[in-house]
Amino acid sequence: SILFDLLIMLVVGLIIIIYYTTINHLTGKDSMGYGSDAVFSMLITFILYFLFRRMFGFLNDKFPWKESIKKRLIIEVPLIIIISVGTMVIFTLFWNNLHNKSTNQVTLFMNSTIALLVSVIINLFTEGSTIFKLYKETAVSAEILKRKTLESHFETLKSQVAPHFLFNSLNTLIALIDESPKMAKDFVQHL
């Protein structure tokens with residue numbers, strides 16, 4: 001799990017660096033000026049990813065998807081908004097204060113919007129994989145149940161057929177013994 005988290009964070013970090021490099025190249029800005037912005041974005045993404053993984057773990061324990069879908073969504077959606085926007089506002093204010101930059105409402109709004117989009121992507125990835133896993137488990141369970149039901153029917157039919165088959169065969173044999181002993185002998189051998 002930790003290796004998976006680190007791999008995801010590395011991939012997201014590389015995407016952020018590529019994004020900032022492309023934006024700065026297209027707008028003609030100095031590429032060296034984006035370094036602190038890229039570090040800030042990677043830090044926020046890592047923090048959001050960490051917070052959401054913990055939130056999903058808590059929600060999976062308290063409100064599993066199998067038992068309470070509505071309750072889970074009613075709790076999860078506001079938590080995603082609060083965590084993503086709250087984290088972004090707090091860290092934007094902290095980061096700008098650390099670098100002696102002023103913070104305006106437009107910057108807070110844009111950063112919060114981006115954080116919300118990243119949060120939705122993380123949520124879709126994490127919860128989508130969970131729901132797919134549950135779907136697979138349910139499909140496998142249904143197939144096992146179907147197979148066991150068919151086996152049970154088969155065993156029931158076998159137990160019903162065997163006595164009737166034997167009874168009918170012996171009645172036929174009794175009738176053949178009197179009429180044609182040769183046919184009765186062939187019938188026993190065939191049986």
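The values are calculated or read from the model by the stated rules, or taken from the named source; none is laboratory data. As the structure is a computational prediction, the values presented were derived from the model and not from experiment. Here the Cβ is made from the backbone with ideal geometry for all residues, glycine too, and neighbour counts use every protein chain on show. To get the accessible areas, we keep the full protein, side chains included, count just its heavy atoms, and leave off ligands, DNA and RNA. Shrake-Rupley method; radii C 1.70, N 1.55, O 1.52, S 1.80 Å.
For E127, indicate whether it is in contact with a helix residue (DSSP H, G or I) (Cβ under 8 Å, 6 or more places away or on another chain), acidic (D, E) and either open to solvent by less than 100 Å² (accessible area, probe 1.4 Å) or at positive phi (or both).
Against the criterion (in contact with a helix residue (DSSP H, G or I) (Cβ under 8 Å, 6 or more places away or on another chain), acidic (D, E) and either open to solvent by less than 100 Å² (accessible area, probe 1.4 Å) or at positive phi (or both)), E127 qualifies.
Scan the range 133-154 for residues that are open to solvent by less than 100 Å² (accessible area, probe 1.4 Å) and modelled with pLDDT of 85 or more and jot them down.
E137, T138, A139, V140, S141, A142, I144, T149, E151, S152
Please count how many residues of the range 73-103 are in contact (Cβ under 8 Å) with a residue 12 or more places away in the chain and not in a helix (DSSP H, G or I).
1
Looking at L124, L157, which is the one that is within 37 Å of the chain's Cα centre (by Cα) and either in a helix (DSSP H, G or I) or among the aliphatic types (A, V, I, L, M) (or both)?
After ruling out the rest, the residue left standing is L124.
For the range 50-79, give me each residue that is over 15 Å from the mean Cα position of the chain (by Cα) and at pLDDT below 80.
S68
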